[in-house]
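The values are calculated or read from the model by the stated rules, or taken from the named source; none is laboratory data. Small disclaimer: the values here were computed from a predicted structure and weren't measured. Neighbour counts run over all protein chains shown; Cβ positions are idealised from the backbone, glycine included. Note: areas computed on protein heavy atoms with side chains; ligands, DNA, RNA excluded. Shrake-Rupley method; radii C 1.70, N 1.55, O 1.52, S 1.80 Å.
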Amino acid sequence: MQFQYVCNDCGKEYKADEIMYRCPECNRTEKPGEMQKGNLRTLIDPVYLKGLAKRESVAPSDFMPYPIPHTATYPVGNTPLIGPKRLREKSGCSDLWLKNDGMNPSGSFKDRASQLVAAQALHFGISTVTLASTGNAGSAMACAGAAYGLDIVLFVPHTAPENKLLQSVLYGAKVVPIEDTYDTAFSLSLEYTEKYGGINRNTGYNPMTIEGKKSISIELFNDLGRSIPDVMYVPVGDGVIYSGVYKGFYDLYVAGLIPKLPKLVAVQSTKSNAIATAWKTGDLSTIDTATTTADSISVASPACGRMAVDYINDSGAWATEVTDEAITTAQLELAAEAGTFVEPAAAAAYAGFNADLAAGRISRDQKIVVLLTGIGFKDMKAVSNAVSVPAAVQANMEAVEEFLHS
Ligand SMILES: Cc1ncc(COP(=O)(O)O)c(C=O)c1O
């Protein structure tokens with residue numbers, strides 16, 4: 001498929017016949033304390049896209065820059081779209097949907113990008129993929145590596161949830177837990193790739209991490225009977241998932257398959273709000289520290305912040321900030337009232353929906369999709385303060401009755 005790159009910041013165009021990361025002119029030209037610069041937009045040939053509108057049906061693979069090999073070996077996507085009966089009744093939103101991307105092979109949305117980066121590596125005959133991750137991108141890339149036979153080198157903050165690290169080790173990645181933050185792991189992984197070669201899959205840095213995620217929008221378009229949501233809630237750390245979701249709808253729009261873009265609401269924790277703050281103030285600075293307990297969205301210097309801010313404006317939406325307490329409440333609500341157990345970062349999107357509904361920013365008759373990006377089982381510690389398993393009960397009816405009825 002024909003595609004090219006365009007720098008999100010300076011607008012310079014680049015041919016896409018070799019692997020590119022950020023715009024070489026803008027990469028690292030940001031001043032200290034500014035959001036990272038030089039993200040590349042991948043522009044698929046518009047004539048090709050318009051041709052898709054004539055087809056009876058479209059699939060995510062029709063929109064991908066590289067052919068996805070052996071999809072059956074790593075079956076990513078086609079995740080459930082839940083119509084949550086009890087949450088609809090409770091909220092009064094009868095057209096509320098939950099897209100459960102925790103049902104991907106490694107348990108998160110990140111499988112989507114990892115599959116495309118694996119396709120990119122196979123396309124160029126490269127066998128090593130290096131990355132930094134807060135946990136999920138790493139376990140997804142490790143999972144893709146196991147499925148496709150690629151070597152994965154993974155830099156993660158040592159504080160990442162243990163199950164995400166264990167999972168990555170199990171899949172066979174070389175896991176390097178760093179005694180520092182994700183932002184430092186990010187820089188180290190770039191240095192390592194420069195020295196030892198291979199592909200770098202850092203989120204936002206490799207434009208395929210944005211492109212790979214757009215499959216969700218094509219799926220939603222199909223799931224909703226070739227229509228789009230009015231409003232969609234996306235949890236945001238680096239801003240790459242958000243940018244990928246936007247890009248999927250943008251490509252559908254360029255193809256002429258949808259008449260407008262949905263409003264894509266960027267949800268952040270008040271304790272990791274670099275993108276929300278930049279969107280509100282227009283000041284594209286980083287924040288000093290990100291301390292949210294929703295580890296996957298804890299980012300001080302977002303890798304795709306500038307692009308995400310542009311896309312929030314282009315989709316006519318807004319950024320919503322939620323407290324960590326509201327995130328925990330949303331996590332428990334999704335589990336107990338929709339049977340959907342997600343990790344805190346994913347629950348942030350639902351907390352954003354709750355906050356906007358309460359504030360009257362959305363209306364009850366709208367078609368609303370909440371994107372649930374990761375499964376809860378990866379991080380049981382996150383709920384250990386909120387729930388616990390009762391102590392053992394003696395094996396007789398009296399004790400059972402005492403336990404259940406007193
Ligand atoms: C489960 C989950 N949700 C949301 C996000 C946020 O995505 P991004 O950092 O691209 O904004 C991540 C990122 O790691 C994640 O793992």
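Here are the numbers for the structure shown:
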| read-out | value |
| --- | --- |
| Carbon and sulfur %, accessible surface of the chain computed with the full protein complex present, 1.4 Å | 52 percent |
| Protection-proxy order for peptides 92-101, 392-401, 110-119, each taking the mean of Cβ atoms within 10 Å per residue, highest first | 110-119, 92-101, 392-401 |
| Shape category assigned to region 253-333 from the gyration tensor of Cα positions, a/c cut at 1.5 | oblate |
| Over 15 Å [Cα-Cα, region 26-105], rounded percent | 76 percent |
| Inter-probe distance in nm under a simple model that places probes 7 Å from Cα toward Cβ, at Val393 and Glu162 | 2.9 nm |
| Contour excess over end-to-end distance, with Cα ends at Glu18 and Ala72 and 0.36 nm allotted per residue | 16.8 nm |
| Within the chain: Cβ-based charge dipole about Cα centre, in debye rounded to nearest 20 (Lys, Arg +1; Asp, Glu -1) | 1020 debye |
| Region 323-406 - convex hull of alpha carbons, volume per residue in Å³ | 143 Å³ |
| For region 301-346, size of Cβ-based charge dipole, Lys and Arg +1, Asp and Glu -1, in debye | 180 debye |
| Helical contribution to [θ] at 222 nm, DSSP H n ≥ 4, -39,500 (n - 2.57), averaged over the chain, rounded to 500 | -11500 deg cm²/dmol |
| GNM top mover of Val383, Val322, Val299 - the chain, alpha-carbon springs below 10 Å | Val383 |
| Listed residues Pro24, Pro390, Pro302, most fluctuating in the chain (Gaussian network, C-alpha, under 10 Å) | Pro390 |
| Phi-based couplings in Hz for region 179-185 (Karplus 6.51, -1.76, 1.60; Gly and Pro marked x) | 7, 6, 7, 4, 4, 6, 4 |
| Accessible area per residue, Å², the chain with all protein chains present, probe 1.4 Å | 41 Å² |
| Exposure of Lys260 as accessible area (Å², to 10), given a probe of 1.4 Å and all protein chains | 120 Å² |
| Computed log₁₀ I(q)/I(0) - Debye formula, equal Cα scatterers, no solvent, region 118-209, q 0.14, 0.17, 0.18 Å⁻¹ | -0.41, -0.61, -0.68 |
| Prolate/oblate/rounded label for region 205-262 (Cα gyration tensor, a/c 1.5) | prolate |
| Within a Gaussian network of the chain (alpha carbon springs, distance under 10 Å), most fluctuating of Thr281, Thr291, Thr184 | Thr281 |
| Cα Rg, Dmax, the chain, angstrom units | 20.9, 76 |
